[in-house]
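Let me begin by presenting the structure, written as structure tokens, before commenting on it.
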Amino acid sequence: GDALRVLGIAGSLRAGSYNRSLLEAAVELAPEGMVIETFDRLGEIPPYDADVETEGDPDAVAALKQAIDGSDALLWVTPEYNYSVPGVLKNAFDWASRPARSSVLIGRPAAVTGVSGGGSGTARAQMALRQSMVFTRTPVMPGPELLVSRGGERFDDDGVLTDEGIRDRLVDFLERFDEFARRFRDA
Ligand code: FNR
């Protein structure tokens, strides 16, 4: 069928982010038939405030919801902060989850991956994001998981994913995500 349109969101604002580098590798390694676009305005999303929301979504929030709505599936690439999802990413997720009964997250297939600096590979952050997706009724690919540990050893100074093992696993992850997401889109 048609190309699967994936929106990728990396949850770090710093220029040298390993998580953004992993997302960029995913863009490059996406299987034929999958196109990954990235949401690059995370830093412009204000803190969630229901009063602001009542007045109308701020620009970057509207852009986020529109980008999600125009996609077939979401790829969340999350760092781990204090065993959970970084505030900036959770905050964007919270905006996107509104209104709760008709949000752009409901029923839209998703996958989660992430890179940590140390050895845990964002295991706990990924589980925390999966937990939030129970509330939003978002189907998340159960596996394969892709936990990338020791980010400092996986990318070169330009942010290119140089670790061959991780590249192979990312290719497999994206192929499986393509199959998973199509089941929902084409249902
Ligand atoms: C971290 N880091 C971290 N790593 C981890 O594996 N488990 C954790 O709980 C935490 N906690 C944590 C809290 C805070 C406030 C910071 C700033 C960092 C380290 C983190 O994995 C590392 O900084 C990554 O490089 C962050 O991802 P980006 O920015 O490279 O994409």
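Coordinate-derived values only; no laboratory data. Owing to the predicted nature of the structure, the values given are computational and were not obtained by experimental measurement. Virtual Cβ from ideal backbone geometry, glycine too; neighbours counted across all protein chains shown.
Compactness of segment 41-84 is given as radius of gyration and Dmax, 12.7, 34 Å, from Cα positions. Derived value for segment 1-109: Kirkwood hydrodynamic radius 14.5 Å. Basis is the mean of 1/r over every pair of different alpha-carbon atoms.
Sorted into 10 angstrom bins from 0, the C-alpha pair distances of segment 56-135 split as 18, 50, 27, 5, 0 percent. Mind jotting down the distance between the C-alpha centroids of segment 148-184 and segment 34-56, whole Å? Using only Cα atoms, the two centres lie 25 Å from each other. With both residues required to sit in the chain, DSSP beta bridges show an antiparallel share near 10%. Look at the dipole of the chain built from charges on Cβ: of Q66, G33, L105, the Cα furthest out on the positive end belongs to L105.
For the chain, a Gaussian network of Cα nodes joined below 10 Å ranks T113, T138, T162 by mean-square fluctuation, and the top entry is T162.
The C-alpha atoms of the chain occupy a region whose extents along the principal axes are 48, 38, 26 Å, arranged from largest to smallest. Think of each Lys and Arg Cβ as +1 and each Asp and Glu Cβ as -1; about the Cα centre, that makes the dipole of the chain roughly 720 debye.
Summing Lys, Arg as +1 and Asp, Glu as -1, what charge do residues with Cβ under 15 Å from the Cβ of S12 carry, S12 excluded?
For residues surrounding S12, the net value is +1.
Using C-alpha pairs below 8 Å separated by at least 6 residues, the relative contact order for the chain is 24 percent.
The Cα atoms of segment 107-187 give a gyration tensor whose axes a ≥ b ≥ c have a/c of 1.5 or more with a/b no greater than b/c, which makes the shape oblate. The residues packed around V140, meaning those with a beta-carbon under 11 Å from its beta-carbon, carry a net charge of +2 if Lys and Arg are +1 and Asp and Glu are -1. In order along segment 150-159, phi translates into HN-Hα couplings of 6, x, x, 9, 9, 10, 8, 5, 8, x Hz, rounded to whole numbers, per the Karplus curve 6.51 cos²θ - 1.76 cosθ + 1.60 with θ = phi - 60° and x for Gly and Pro.
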